[in-house]
Amino acid sequence: MTEPITLSVADRIATVTLARPPVNAFNSAMFKAFHAILDELARRSDWGVLHVRSALKVFSGGADLGEVATHFAAADKMEAAAKVTRPFQELFQRIADLPQVSLAEIGGAAMGGGYELALGCDLRIAANEARLGLPEPGLGLLPGGGGTQRLTWVAGPAVAARVILTAEHVDGRTARELGLVQWAVPRAELESEARRIAQRAASLHPMSLAACKVCIRLAQDPARNGFAAETEWTGRLLATEETQRRVADFLAGARR
């Protein structure tokens with residue numbers, strides 16, 4: 001059975017490659033595999049940059065909605081909400097908390113939890129042709145993997161409101177202009193440019209970078225209560241017929 005995520009380490013760069021067809025949707029197996037890789041990296045000292053990329057045309061489509069839909073019948077919607085949101089929040093927070101630098105290379109669509117994964121990284125580079133967005137409101141949900149918080153931190157409340165409240169999808173060039181990513185290049189140049197950025201970061205003093213990350217974070221409002229609000233509202237939304245209908249319609253269309 002092919003692993004949904006793979007790891008390779010060379011030149012102090014730990015490359016994590018998402019490889020779960022068709023769209024790298026996050027399910028329990030993906031979370032388990034990603035945590036296992038982070039566990040392995042925690043035992044190693046031969047890397048200084050985490051480089052997250054995809055083996056597929058898309059970066060990641062986000063949550064596996066088939067798994068999300070299994071929670072509609074749960075009697076305790078708050079417990080169900082926690083099961084939906086916390087795996088995303090915990091994994092992406094673990095990435096954000098790394099003392100090492102993290103880089104997301106976005107070559108294709110990064111939607112919902114896929115873009116939230118990128119937001120958990122320190123650095124983001126996208127192909128001009130890529131599509132990025134947090135489309136959860138279109139399904140009657142919200143970006144519960146940290147998206148409402150991290151997008152506001154990195155791009156400001158006005159941009160976060162634009163992207164989230166209209167469920168807008170933007171291309172890589174526009175994402176760069178709005179601050180959703182730090183770099184955007186033609187797709188043909190993406191791999192080499194991402195590698196160049198990773199190599200530059202890997203060449204710097206690890207302790208210096210770790211200290212810089214701490215100081216940068218101190219300049220932000222972590223708003224932990226925002227994560228709790230994501231879980232609470234996800235629970236409320238899971239109980240609504242509108243959310244259930246929208247997810248069911250999406251899944252039905254995907255099967256055709």
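The values are calculated or read from the model by the stated rules, or taken from the named source; none is laboratory data. These numbers were taken from a predicted model, which means no experiment stands behind them. Here Cβ is always computed from backbone atoms with ideal geometry, including for glycine, and neighbour counts include all displayed protein chains.
Would you pick out the residues in segment 1-38 that are surrounded by fewer than 13 Cβ atoms within 10 Å (Cβ to Cβ) and at pLDDT below 95?
Met1, Thr2, Ser28, listed by residue number.
Hey, can you tell me all the residues within segment 85-101 that are surrounded by 24 or more Cβ atoms within 10 Å (Cβ to Cβ) and more than 30 Å from His71 (Cα to Cα)?
If the condition is that a residue be surrounded by 24 or more Cβ atoms within 10 Å (Cβ to Cβ) and more than 30 Å from His71 (Cα to Cα), then Val101 is the only one that fits.
Cβ contacts < 6 Å: first residue within 18 Å of Ala109 (Cβ to Cβ), restricted to segment 181-204; second residue in a helix (DSSP H, G or I) and modelled with pLDDT of 95 or more, any location; separation 6+ or different chain. Result?
Correct list of pairs: Val181/Ala175; Ala184/Gly172; Ala184/Arg173; Ala184/Arg176; Val185/Glu193.
Residues checked against (1) more than 27 Å from Thr243 (Cα to Cα); (2) among the hydrophobic types (A, V, I, L, M, F, W, C); (3) over 18 Å from the mean Cα position of the chain (by Cα):
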{"residue": "Ala127", "(1), (2), (3)": "yes, yes, no"}
{"residue": "Leu134", "(1), (2), (3)": "no, yes, no"}
{"residue": "Arg150", "(1), (2), (3)": "no, no, no"}
{"residue": "Gly172", "(1), (2), (3)": "yes, no, no"}
{"residue": "Ser192", "(1), (2), (3)": "yes, no, yes"}
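So Gln182 clears everything in (1) modelled with pLDDT of 95 or more; (2) closer than 30 Å to Gly66 by Cβ; (3) among the polar types (S, T, N, Q) except one condition, right? Which one?
(2)
Determine, yes or no, whether Glu90 is closer than 15 Å to Ala25 by Cβ, in contact with a Phe, Trp or Tyr (Cβ under 9 Å, 6 or more places away or on another chain), without any contact (Cβ under 8 Å) to a residue 60 or more places away in the chain and acidic (Asp, Glu).
no
Over 30 Å from Asp171 (Cβ atoms) and surrounded by fewer than 17 Cβ atoms within 10 Å (Cβ to Cβ): does that describe Ala80?
Taking the combined requirement at face value, the residue does not satisfy it.
Regarding Leu123, is this residue without any contact (Cβ under 8 Å) to a residue 40 or more places away in the chain, of a type in the set (A, V, I, L, M) and within 19 Å of Thr174 (Cβ to Cβ)?
For Leu123, the condition - without any contact (Cβ under 8 Å) to a residue 40 or more places away in the chain, of a type in the set (A, V, I, L, M) and within 19 Å of Thr174 (Cβ to Cβ) - is not met.
Check off (1) touching a Gly at 6+ places or on another chain (Cβ under 9 Å); (2) without any contact (Cβ under 8 Å) to a residue 24 or more places away in the chain for Ala81 and give me the number that stays unchecked.
(2)
Out of the residues in segment 228-254 that are of a type in the set (A, V, I, L, M) and within 11 Å of Leu142 (Cα to Cα), state the one that is modelled with the lowest pLDDT.
Restricting to residues being of a type in the set (A, V, I, L, M) and within 11 Å of Leu142 (Cα to Cα), the top hit is Ala229.
Quick check on my filter: what residues within segment 135-184 are over 18 Å from Ala228 (Cα atoms), buried (at least 18 other Cβ atoms within 10 Å of the Cβ), out of contact with any strand residue (DSSP E or B) (no Cβ under 7 Å at 6 or more places or on another chain) and of a type in the set (D, E, K, R)?
None - no residue of segment 135-184 is over 18 Å from Ala228 (Cα atoms), buried (at least 18 other Cβ atoms within 10 Å of the Cβ), out of contact with any strand residue (DSSP E or B) (no Cβ under 7 Å at 6 or more places or on another chain) and of a type in the set (D, E, K, R), so the list stays empty.
Hey, among the residues in segment 39-55 that are surrounded by fewer than 17 Cβ atoms within 10 Å (Cβ to Cβ) and either modelled with pLDDT under 95 or not charged (D, E, K, R) (or both), which one's farthest from Ser203 (Cα to Cα)?
Restricting to residues being surrounded by fewer than 17 Cβ atoms within 10 Å (Cβ to Cβ) and either modelled with pLDDT under 95 or not charged (D, E, K, R) (or both), the top hit is Ala55.
Filter segment 197-212 down to residues that are closer than 20 Å to Thr15 by Cα and surrounded by 12 or more Cβ atoms within 10 Å (Cβ to Cβ), then give me how many there are.
Residues flagged as closer than 20 Å to Thr15 by Cα and surrounded by 12 or more Cβ atoms within 10 Å (Cβ to Cβ) within segment 197-212 amount to 9.
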